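In what follows, a structure is listed as structure tokens, so that the remarks can point back to it.
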Amino acid sequence: MADTAYTPPAVWTFDSESGGRFANINRPTAGAQTEKDLPVGEHPFQLYSLATPNGVKANIILEELLEAGHAGAEYDAWLINIGEGDQFTSGFVGINPNSKIPALLDRSGPKPVRVFESGAILMHLAEKFGAFLPADSAPRAEVLSWLFWQIGSAPFIGGGFGHFYAYAPEKYEYPINRYAMETKRLFDVANNRLKESRFLGGEDYTIADMAAYPWFAPFVEGIIYNEARDFLSIHEYEAVARWAQEISARPAVKRARMVNRTWGEENEQVPERHSAADFTGKAL
């Protein structure tokens, strides 16, 4: 293995030049860096996000709730440009002290409720509307197990494989191999499950699928991490491909993938979403 050996110093110090592509936003400290309020629209739910895999999860459940006829799920989606540091403003940190997207402000009750972390947002909305999460104990436990499986797995795929394969300033064999192995293992876990079940939680589409889909589908489609599909031999996971393609065809998911998106084809971008009219003329 050709990697240069690294001897950790006695005391680690922050080097802003060592973070690669995201060095300008990565810090070892938390809290607001600038004073700025967040915009607030007229709808019960205010979403502050970006169309990354984690961000798309929240978009999906809100659009699916509206598709299912839950008019009370109307929302405003405000763009948080993480490259510009919007996640470190005082307004955003007030909703999510972890400074990560997505973050949700639920104003449907007498007092606003903040909800941060994608899994928490999915559970909050599913429980609030009684949708996409079974009420009975056994199927509910199955869905929640797969939900939290994905939440725990995302760092291996994104901050692990994605970072070292696509974004690190230098490519080293050990971390790429380590996280490629783990990413393929996670695909195999999902593939084995989806050979025996239509969806992750069972025969019904749930928040477990909404959580996992935005991470797995881009690999199937070859649009993430410099098209790592071939490097990881994603074609091997046929059940995952079948599942991802079925979810991709859902009208709510097509809309959700456009929300807070600022890259790609113009007709696939809805940088801010305030009503269904914002999708007019888009590639649906």
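The values are calculated or read from the model by the stated rules, or taken from the named source; none is laboratory data. Quick caveat: nothing in here was measured; it's all calculated off a predicted structure. Here the Cβ is made from the backbone with ideal geometry for all residues, glycine too, and neighbour counts use every protein chain on show.
Residues in segment 71-112 that are polar (S, T, N, Q) and in contact with a Pro (Cβ under 8 Å, 6 or more places away or on another chain): Ser108 alone.
Arg198 - would you say it is at pLDDT 95 or above and not in a helix (DSSP H, G or I)? Taking the combined requirement at face value, the residue satisfies it. Scanning segment 230-247 for any residue that is touching a residue at least 24 places away in the same chain (Cβ under 8 Å), in contact with a Lys or Arg (Cβ under 7 Å, 6 or more places away or on another chain) and among the aromatic types (Phe, Trp, Tyr) turns up nothing.
For Thr262, are the conditions met, namely being of a type in the set (Ser, Thr, Tyr) and in a helix (DSSP H, G or I)? It is false that Thr262 is of a type in the set (Ser, Thr, Tyr) and in a helix (DSSP H, G or I). Highlighted here are the strands (runs of 3 or more DSSP E) found entirely within segment 1-109 that include at least 2 residues which are within 29 Å of Pro218 (Cα to Cα) and polar (S, T, N, Q): 45-49. Put simply, of Gly83, Gly72 the only residue that is modelled with pLDDT of 95 or more and either within 18 Å of Arg273 (Cα to Cα) or surrounded by fewer than 21 Cβ atoms within 10 Å (Cβ to Cβ) (or both) is Gly72.
Can you confirm whether Thr29 is of a type in the set (S, T, N, Q), surrounded by fewer than 16 Cβ atoms within 10 Å (Cβ to Cβ), more than 27 Å from Met210 (Cα to Cα) and modelled with pLDDT of 95 or more? When the stated conditions are applied, Thr29 does not pass them. One residue alone among Phe132, Phe164, Phe148 is surrounded by fewer than 21 Cβ atoms within 10 Å (Cβ to Cβ), among the hydrophobic types (A, V, I, L, M, F, W, C) and in contact with a helix residue (DSSP H, G or I) (Cβ under 8 Å, 6 or more places away or on another chain), and that residue is Phe148. In segment 156-191, which residue that is part of a loop (DSSP other than H, G, I, E, B) and touching a residue at least 40 places away in the same chain (Cβ under 8 Å) is farthest from Lys100 (Cα to Cα)? Looking at residues that are part of a loop (DSSP other than H, G, I, E, B) and touching a residue at least 40 places away in the same chain (Cβ under 8 Å), I get Tyr172. Residue count for segment 248-269, restricted to those that are surrounded by 15 or more Cβ atoms within 10 Å (Cβ to Cβ) and touching a residue at least 60 places away in the same chain (Cβ under 8 Å): 10.
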